[in-house]
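Pasting in a structure now, in structure tokens, and then I'll have a few things to ask.
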Amino acid sequence: MLSLTPTILPTLLPREISFFDAYIPTLLPAVLLAGAIVLLVDRLLVRVNFYQLVWHPALFRVSLLTCVAALLGLAIYR
């Protein structure tokens with residue numbers, strides 16, 4: 001059962017989501033969505049040989065995930 005809880009501050013999404021009677025922060029689905037977005041962007045960057053220009057590809061991937069997750073978090077809690 002998925003239900004949205006009311007919050008004190010008006011936002012686009014609530015601060016917590018009830019997922020089978022367990023409250024999870026809204027950032028958890030946002031981070032999962034960010035991971036899916038980064039996976040698609042990563043595949044595109046591999047096809048255009050972008051990682052030949054990057055000094056440390058693994059560090060770039062983690063940084064990209066962090067930036068996308070932060071942007072989604074800012075969009076939710078704005």
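The values are calculated or read from the model by the stated rules, or taken from the named source; none is laboratory data. As the structure is a computational prediction, the values presented were derived from the model and not from experiment. Please note that ligands, DNA and RNA were not included when accessible areas were found on the heavy atoms of the full protein model with its side chains. Shrake-Rupley method; radii C 1.70, N 1.55, O 1.52, S 1.80 Å.
Kindly report, to the nearest 10 Å², the accessible surface of I76 as traced by a 1.4 Å probe over protein heavy atoms only.
Counting only protein heavy atoms, the figure is 20 Å².
Would you check the accessible area of Y77, probe 1.4 Å, heavy atoms only, in square angstrom rounded to 10?
Only protein atoms counted, so the area is about 70 Å².
For the stretch 10-68, what is the Kirkwood hydrodynamic radius in Å, using each pair of distinct C-alpha atoms?
Answer for the stretch 10-68: a Kirkwood hydrodynamic radius of 13.4 Å.
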